[in-house]
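Student: What follows is a single structure, and I will ask about it in a moment.
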Amino acid sequence: QVQLVESGGGLVQAGGSLRLSCAASGRTVSGYAMGWFRQAPGKEREFVASIRWSGNTYYAESVKDRFTISRDVNKNMVYLQMNSLKPEDTAIYYCAAGVRAGVGKGDYDYWGQGTQVTVSS
């Protein structure tokens, strides 16, 4: 079992930055693929970024070169640094953990409760 708790969301102006954090407990993050997903009102939950146990990272095209996923194995934390934010980045952001490294929701077994990110224009 893995418990995930996100933090760091908030309101930011377009062009600004936020850093989301995901605290994991129960199992070490190094043994899982860790991902960030987001869900905007009325839309499906979509993949944002992931980091595999190997350390390899993957990004959705819409956030590539703006967002960076990282992890601190010693602290059992995963982060999402978001720069050059746009109003279309507004969503609830979820941290997820799974043994299958992928970009689909079904690839992840554990989810946090989400943190709201709002980008104003």
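The values are calculated or read from the model by the stated rules, or taken from the named source; none is laboratory data. Given the structure is predicted, the values throughout are model-derived calculations rather than measurements. Using ideal geometry, Cβ is built from the backbone for each residue, glycine included, and neighbour counts are taken over all protein chains shown. Quick note on the areas: whole protein, heavy atoms, side chains included, nothing else; ligands and nucleic acids left out. Shrake-Rupley method; radii C 1.70, N 1.55, O 1.52, S 1.80 Å.
Student: For T115, tell me the accessible area in Å² from a 1.4 Å probe, rounded to the nearest 10.
Tutor: Answer for T115: close to 20 Å² accessible.
Student: With a cap of 10 neighbouring Cβ atoms within 10 Å, and only residues DSSP puts in a loop, list the chymotrypsin sites (Phe, Trp or Tyr not before Pro) found in the stretch 46-81.
Tutor: none
Student: Rolling a 1.4 angstrom probe over the protein heavy atoms, how many square angstrom per residue are accessible across the chain? Show your work: numbers first, answer last.
Tutor: Working: 6050 Å² over 121 residues.
Counting only protein heavy atoms, the per-residue value for the chain is 50 Å².
Student: Right, something else. Loop only per DSSP, at most 10 neighbouring Cβ atoms within 10 Å: give me the GluC sites (Glu not before Pro) in the stretch 37-121, ordered by residue number.
Tutor: In loop regions of the stretch 37-121 (DSSP not H, G, I, E or B), the sparsely surrounded GluC sites (Glu not before Pro) are E44, E61.
Student: Could you give the distance between the Cα centres of the stretch 87-108 and the stretch 52-68, to the whole Å?
Tutor: Cα centres, the stretch 87-108 to the stretch 52-68: 12 Å.
Student: So which residue, out of D89, D72, D107, gets the largest mean-square fluctuation from a GNM of the chain using Cα contacts under 10 Å as springs?
Tutor: Of the options given, D72 has the highest mean-square fluctuation.
Student: Per 0.36 nm of contour for each residue apart, how much would the distance between N56 and S17 grow if the chain were fully extended, relative to their Cα-Cα spacing? Can you show the working numbers first?
Tutor: Working: separation 39, 0.36 × 39 = 14.04 nm, distance 2.31 nm.
Residue separation times 0.36 nm, minus the Cα-Cα distance, leaves 11.7 nm.
Student: Just read off the accessible area of K86 with the full protein assembly in place, 1.4 Å probe, to the nearest 10 Å².
Tutor: Only protein atoms counted, so the area is about 80 Å².
Student: Which whole number of Å³ per residue matches the convex hull of the alpha-carbon atoms in the chain?
Tutor: About 88 Å³ per residue, rounded to a whole number.
Student: On to the next question. Straight-line reach from K75: which aspartates and glutamates have Cα under 15 Å away, leaving out those fewer than 8 places along the same chain?
Tutor: Hits, sequence-local ones excluded: E6.
Student: If the reach is capped at under 18 angstrom between alpha carbons, list the lysines near K105, excluding any in the same chain fewer than eight residues apart.
Tutor: K43
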